[in-house]
């Protein structure tokens, strides 16, 4: 019963801190542009987070739960339930207090990997695959949005007014 209560407390702490960090980053464009109110942005974010978790979350859960590790930790599994989430919560909460967006998924996974490295049970090949995605996907996102922005300006110059593009 105590382990269950602890697991629930850790899940709540993670959900609150990850939600705060990710909601801020994902709501900012619509809220900052005054396209949506804070509450409308938050409601849309919540709906799609839940849908994403239900419809697409199984694969990442399998990868983190089993794919990154080569063995069962047995009696040391409590470290995955207590130490890794506690470290993750502390770091994300600190970033939230400092008003800094942080990559919550890599932070949480690396907390788990630290324990896995200690017990020498990390699946190096799968971990490398995940890290490559962590590095490549933000670079790809930046490059793609830059190209789309350049194309948009070239194709629709009348929609953009120079006074709206000036630095703040």
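Taking only the alpha-carbon positions of the range 7-66 and ignoring solvent, what does the Debye formula give for the base-10 log of I(q)/I(0) at q = 0.27 Å⁻¹?
-1.13
So for the pair residue 7, residue 121, with labels modelled 7 Å out along Cα→Cβ, what separation do we get in nm?
With each label placed 7 Å out from Cα toward Cβ, I get 1.5 nm.
If the elastic network links every pair of Cα atoms under 10 Å, which of 85, 157, 103 fluctuates the most in the Gaussian network model of the chain?
Its mean-square fluctuation being the largest, the pick is 157.
Against the longest alpha carbon principal axis of the chain, how many degrees, from 0 to 90 and to the nearest 10, is the axis of helix 2-32 turned?
It works out to around 10 degrees.
What FRET efficiency comes out for residue 28 versus residue 58 if R0 is 35 angstrom and r is the Cβ-Cβ distance? Round to the nearest 0.05.
FRET efficiency, residue 28 to residue 58: 0.75.
Please determine, in degrees from 0 to 90 and to the nearest 10, the orientation of helix 124-155 with respect to the longest principal axis defined by the Cα atoms of the chain, where the helix direction is its Cα long axis.
That works out to roughly 10 degrees.
Just for the Cα atoms in the range 1-110, what are the lengths along the principal axes, largest first, rounded to whole Å?
52, 31, 26
Report, to the nearest 10°, how far helix 38-56 tilts away from the longest principal axis of the Cα atoms in the chain, using its own Cα long axis and a range of 0 to 90°.
Once rounded, one gets 50 degrees.
Please give the calculated 222 nm ellipticity per residue for the chain, where each DSSP H segment of at least 4 residues contributes -39500 (n - 2.57) and the sum is spread over every residue; nearest 500 deg cm²/dmol?
-24500 deg cm²/dmol
With the Cα gyration tensor of the range 95-137 giving a ≥ b ≥ c as the square roots of its eigenvalues, does the rule (a/c under 1.5 for rounded; else a/b larger than b/c for prolate; else oblate) give rounded, prolate or oblate?
Oblate, since a/c reaches 1.5 and b/c is not below a/b.
Report the residue, chosen from 58, 36, 158, that carries the largest GNM mean-square fluctuation when the chain is represented by alpha-carbon nodes joined by springs under 10 Å.
158
Based on the alpha-carbon set only, what is the convex hull volume of the range 46-168 divided per residue, in Å³?
Cα-based convex hull of the range 46-168, divided per residue, equals 168 Å³.
Read-outs throughout are calculated quantities, based only on the coordinates presented, and are distinct from any laboratory measurement. Computed from a predicted structure; not experimentally measured. For neighbour counting, all protein chains shown are included, and Cβ atoms are generated from backbone atoms with ideal geometry for every residue, glycine included.
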